[in-house]
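The structure under discussion appears below in the form of structure tokens.
Derivation of every value follows stated rules applied to the coordinates shown; laboratory data play no part. None of these values were measured; they are calculated from a predicted model. We place every Cβ from the backbone using ideal geometry, glycine too, and count neighbours over all the protein chains shown.
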Amino acid sequence: MPASDLSRAALSTVRVWLVGGGKMGGALLTGWLDNGVAPDNVTIIDPAPGRVPQGVRLAADPAAPLAEGPAPDVLVLAVKPQIMDDVLPAYRSLGDGTTVALSVAAGRLIAGFEAALGAGTPVVRSIPNTPAAVHRGMTVACANAHVTETARATCDALLGAVGDIAWVDDEALIDAVTAVSGSGPAYVFWLTECMARAGVEAGLPEALAARIARATVSGAGALMDQAEEDPATLRRNVTSPNGTTAAALDELMNDRAGLGPLMTRAVAAAARRSRELAG
Ligand SMILES: NC(=O)C1=CN([C@@H]2O[C@H](COP(=O)(O)OP(=O)(O)OC[C@H]3O[C@@H](n4cnc5c(N)ncnc54)[C@H](OP(=O)(O)O)[C@@H]3O)[C@@H](O)[C@H]2O)C=CC1
Ligand SMILES: O=C(O)[C@@H]1CCC=N1
């Protein structure tokens, strides 16, 4: 059976509670439903969620689902890190059992979920990104020792339903992951904005500059996705000796003031903020 069929089979019976149906939770939900999760096996718990797909149960708080049951296989925690400590105690009765707590929150440590839900709770800490909304997400996940192989496969199928997934054993890596792939889409959108603005400064009409910057970034992304060559080779393929690209790259690849050291500082700042959000 192909892996995608395996995932669909695994997902068709899984019961999921999604705590926080905002941008990230909503993107994940769309992917799940597209990949075989049954709407009537999903509960969104959110006082004011985004779109609620047909057939999905909605609750403003956990009281009704906890009273009505059944308990979920996976409790997805997709609220802001800053309110996690206020949100978790309500779910304590799901801890120390078979329900897996699957966090997508930046910064929040596995130990914090264990402290709030119970030391024996299976916990997966993950960081997806918003391209999940178009099934092109990149997620990295880390599991505690209570996550069984079956539970891990279920989480793998859920997170893999919206794109690529990698697992790490060392939770400390998740801060840097957050800084690269979790926040990374914003850097690329800002790059696009900067290219458009630079085009205007070089004399282009605003609409044309915005259009060609956006098409160039998305086209380069698609090429990088489909080509066998690595990014450095793709870059060299654009760069004629002593041509226009080389002139620009002299600025962008400057060891002290180029994009390299700037990106290093940006990623370090994001990783630092992730560690601060641990609470
Ligand atoms: N956005 C991104 O690119 C990424 C986000 N993440 C993580 O995903 C999590 C969610 O982020 P994001 O989706 O961007 O944020 P959003 O604000 O879009 O979503 C959070 C949702 O939770 C709701 N909410 C607030 N309080 C509660 C509560 N007590 N119970 C249930 N739901 C509640 C919010 O409602 P209201 O708006 O009314 O407050 C909102 O709908 C964060 O922890 C973030 O670190 C991880 C990777 C990438
Ligand atoms: O900005 C944030 O904190 C979240 C986590 C990664 C992307 N967005």
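Some observations on this one:
- Rounded to whole Hz, the Karplus (6.51, -1.76, 1.60) HN-Hα couplings of segment 207-215, x for glycine and proline: 5, 5, 4, 5, 5, 6, 5, 5, 5
- Under Karplus coefficients 6.51, -1.76 and 1.60, residue-wise ³J(HN,Hα) of segment 14-26 in Hz, glycine/proline x: 6, 9, 10, 10, 10, 8, x, x, x, 4, 6, x, x
- Relative contact order of segment 122-279, defined on C-alpha pairs under 8 angstrom at six or more residues apart (%): 20 percent
- Think of the chain as a dipole: +1 on every Lys or Arg Cβ, -1 on every Asp or Glu Cβ, centred on the Cα centre; then among A101, G219, V37, G219 lies furthest on the positive end.
- Charges were assigned to the Cβ only: +1 to each Lys and Arg, -1 to each Asp and Glu. The resulting dipole of segment 184-276 about its Cα centre is roughly 340 debye.
- A protection proxy built from the mean count of other Cβ atoms within 10 Å ranks the segments 33-43, 112-122, most packed first, as 112-122, 33-43.
- ³J(HN,Hα) computed for each position of segment 247-252 - Karplus, 6.51 cos²θ - 1.76 cosθ + 1.60, integer Hz, glycine/proline x: 5, 5, 5, 4, 7, 5
- Low-density loop positions, trypsin sites (Lys or Arg not before Pro), segment 1-71 - DSSP coil, at most 13 other Cβ in 10 Å: R51
- Spin-label model distance (nm) - T245 vs A198, 7 Å beyond Cα toward Cβ: 1.4 nm
- Model label points for R92 and V134, set 7 angstrom from Cα along the Cα-to-Cβ axis, are 4.5 nm apart.
- Cα gyration tensor shape of the chain, rounded if a/c is under 1.5, else prolate or oblate by comparing a/b with b/c: prolate
- Rg and Dmax, both from the Cα atoms of segment 184-276 and both in Å, are 15.0, 45.
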